[in-house]
Each structure stands twice: as structure tokens, then as C-alpha cells.
Amino acid sequence: MPIDEITQKVSDRYAKAASTGEQMCCPTSYDMGHLKTFIPEEVLNISYGCGTPAGLKTVQGGETVLDIGSGGGIDCFEASRLVGPTGHVIGIDMTDTMLEIARKNAARVAANLGYPASNVEFHKGLADAMPVDDGTIDLVISNCVINLAPDKRKVFQEMYRVAKPGGRFTISDIVSDHTVPQYLVHDTRKWGDCLSGALTLTDYINGMTAAGFLGIHLIKFSPWRVIDGIHFFSVTLTGYKLPPVPTTSSIRYATLRGPFSRVVDERGTTYQRGIPQPIIPEEVLLLNSPPFADHFLLTADPIALDNHDPRWTAVFPAQVPCTWQGHYALLAGPFIEAADDDHHIYRRGEPLEICSKTLVVLENEGYEPHFVVLNRAGDRVSGEAVTCSPNEGGCC
Ligand SMILES: C[S@@+](CC[C@H](N)C(=O)[O-])C[C@H]1O[C@@H](n2cnc3c(N)ncnc32)[C@H](O)[C@@H]1O
């Protein structure tokens, strides 16, 4: 399908959904009771996201937030509340009907929040050519939109262009565990359902990295659909556009505390647990950020750790029989490669089959946030059940 045709069909689909108030089932987990206290029903009824990028404690007071594919404005309005009256929110969407509903409700939301004027503006634009100035955004969010864009590489480049140095993104989107085959790519209905245009998790993260973002890691994951053996799941990822490197920092070494026995970062630097690794100032910036900071000891002088040190962490598998039940683990950053204490080497985005005792290891808090675990036995969707918002139907 030509790019213009995809874009037009997606826009027509969402214009129709917005004008009819079509209900869809999406893997979000909004607290609708809370949102209803300040966001009009008309907006909540046309929430078609697959996560809650603004509601994950990622938005800070006074920030400028950009929402790509803002739809009826649900995440912009939640961001408006979180940035406070001194912050600023920009929503971009290509569909006029969506923009009309969002704009109409901006003043109402501001009044409900007790703001003197709305701090949200909505602009018409495409995700791959955004009407936003370079380096002006603290936080880029998006909710189930990038999968709908034909040229994702350009969208990732645009996100990097508009982010301030020191800025970051939090994006919810649908990804898959296998490349989506052409017969699905050319299915316009499934494209509009946020399935056909999905990238694999590996391609998604690689696209972000190629655009310049670093420290890309998972903050939420929900299994979604299985179609012809391809698992589609919703992920919320975050990552950084690093600020300029400070000229003065006393930190020169990083020692991996665990529980991984070895990791390789996005620059290709390898860290062995307990062994101090010399690092450059750029790595200091990154390793000081979540979720790295919990895994490393950052010091001016080299400090080695051994397994008697309370800062050393490890999770060993139980000495029990291991059964294969169809589980696969996908490392979802921030490392490109990581090893555990049972000879597994996980490579970012590549599903690795694991048995029951490894599944228990990966459920440990030191590992759990870094992995998507799927069950490929049969066609069942594994993991946490999807909460539909607001009612049953197709998604997005
Ligand atoms: C699945 S809906 C999600 C809307 C909103 N983020 C939410 O959570 O309710 C997708 C939205 O993205 C917009 N959209 C899709 N592709 C786009 C693109 N390439 N550029 C700009 N907007 C796009 C659609 O018009 C629609 O409003």
C-alpha cells in the first residue's frame, strides 16, 4: 500500500470513530474514576490508546510535554494536570475530527483544574513532520500511534529533533515478537487496529537508538493478541536524549552489582559483576539515570565487590527439575546483552526459550522490570489480563 493511502485510511478510520464515539477495547489501565473528575466524558469515550504514558509518574511539574497522535486529548489533559499551571502541553494529530473534540474540551479541563487558562494547545500535523521547534520538549509521549505511521524511522528522528538535550520520551505502543508478514501488512483493517504496522520490539528499540536516544528500557508490558502465531503486545518504553556532558565529575568507575552476572550497554561497553570498569563522562550521565543506577556502584576510585559484600546481588535458580512450558523471555533494555547465573545470555528483543525455574528467577525484582515474558505454547495470550477501557470492542 502506498504511504499516502495508509495515512488517509487511518485518518478516515479515526475521524469516523471520533464522530460516532465508537467504543474500543484497549490495553490501557487508566483510573477512569479519577480522570472523570476533570476530563469530560466526550474525551474519555474516544480514548484509543494502549497504555498510560502520562500517568506513569513520568511527567514533572513545570515541564513542556508533547503528545504525538493526541486523539481526543486524554493524555494531554492528564499531562496538563501533572505539569501544573506553569507547565505546557502540545498535542499533535492529523485528524480534524479528533482535533476539534480536543480543542473544544481544553477550556473545560482548565476550568475543572482551576487554571486561569488552558496550558494545552492542539496542532494539526503528522508524526513524521511535526510542527514543533527543535530542542523545545522535556518529555515526548505518545499512545498507540507510532505503529500507525508508515515511516517510523522518520517519527523517531522527529522525536529526537524536538526533545531538549536532557529530555526524554515515554511511549506506549503495540509491538510484536515476529516481523509482521506482508499479507497482514496489506490488511487495512488490521493496520487501523494497531496490528499490521507493528514493529518487532527489537526494531522498535533499534529505531529509537538509531535516532540518538539512549538508555531505552521497558516500564510496562501487557500481552495483547495472537494472530497466526504472532504475539502482539503493548509496551511502554522510555529513553533519554542525553544533556551536554559536564566538564567536572569525580566519577571514573562503574561496578556492576548484579543480579546480572554480565551486561553490555548500548555503546558496547561490557560490565562484569563485581569488577570496576573505567567509564567516560557520557556513561556517568547514563548510569546515574534510572534504571541503571540500581545496578551500579559509581565511584571515583576502582571498587571491586565480591559475594560477601551486601551491595553484591545475585539470584540463583532453585535446584529443582526444569520444565518447558512454552515461555520465552525478551530482554527489553536498557542493556543490549545480559547474562544470568544459569548460563543464559539474553540479547535485546530476541525471544529466548526459558524453562520453569528460569521463569521464577526472572520474576525476581532485579530482573523482572527488564523482561517481556511470552508464552508461545498454543495461541494463548500469557500474563496479566488486559483491562478494557472503556468498553469491549476492537482496538485501537
Ligand atoms: C489509536 S488512536 C490514539 C489516540 C490517543 N493517543 C489516545 O490514546 O486516545 C491514534 C491517533 O493517532 C492519530 N494518528 C495516526 N497516525 C498519525 C500520524 N502519522 N500522524 C499524526 N497523527 C496520527 C490518529 O488520528 C488518532 O487520533
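Using only Cα positions of the chain, each an equal point scatterer, no hydration layer, compute I(q)/I(0) via Debye at q = 0.14 Å⁻¹ and quote the log10 values to two decimals.
-1.23
Beyond a 26 Å Cα-Cα separation, which of these cross-linked pairs lie in this structure: Lys36/Lys104; Lys16/Lys164; Lys57/Lys190; Lys220/Lys357; Lys154/Lys190?
Lys16/Lys164; Lys57/Lys190
Taking Cα atoms, how many degrees apart are the long axis of helix 201-211 and the longest axis of the chain, rounded to 10 and kept between 0 and 90?
90
Considering the dipole of the chain built from charges on the beta carbon (Lys and Arg +1, Asp and Glu -1) around the Cα centre, which of Thr170, Thr28, Ile101 is farthest to its positive end?
Farthest towards the positive pole: Ile101.
Fewest to most neighbouring Cβ within 10 Å: what's the order for Tyr346, Tyr160?
Tyr160, Tyr346
Among Lys124, Lys164, which comes first, then next, by fewest other beta-carbon atoms within 10 Å?
Starting with the residue having the fewest Cβ neighbours, the order is Lys124, Lys164.
Give me the extension gain from Glu353 to Gln325: residue separation times 0.36 nm, minus the current Cα-Cα distance, reported in nm with one decimal.
Working it through step by step, the gained length comes to 9.1 nm.
Provide the FRET efficiency to the nearest 0.05 for the Met32-Thr136 pair, computing r from the beta carbons and using R0 = 35 Å.
FRET efficiency, Met32 to Thr136: 0.65.
Angle between the Cα long axis of helix 3-20 and the longest principal axis of the chain, 0 to 90 degrees, nearest 10?
Roughly 70 degrees between the two axes.
Quick check: pseudo-label points 7 Å beyond the Cα along Cα→Cβ at Asp309 and Ser250, how many nm apart are they?
1.8
I'd like the orientation of helix 74-83 relative to the chain: the angle between its Cα long axis and the longest Cα principal axis, in ° from 0 to 90, rounded to 10.
For 74-83 against the chain, the angle is about 60 degrees.
Can you compute the charge dipole magnitude of the chain about its Cα centre, using +1 on each Lys and Arg Cβ and -1 on each Asp and Glu Cβ, nothing else charged? Give it in debye, rounded to the nearest 20.
240
Values in this text are rule-based calculations from the coordinates and carry no lab data. In this text the structure is predicted, and so the values were computed from the model without any measurement. Reconstructed Cβ throughout: ideal geometry from the backbone, glycine too, with neighbour counts over all protein chains shown.
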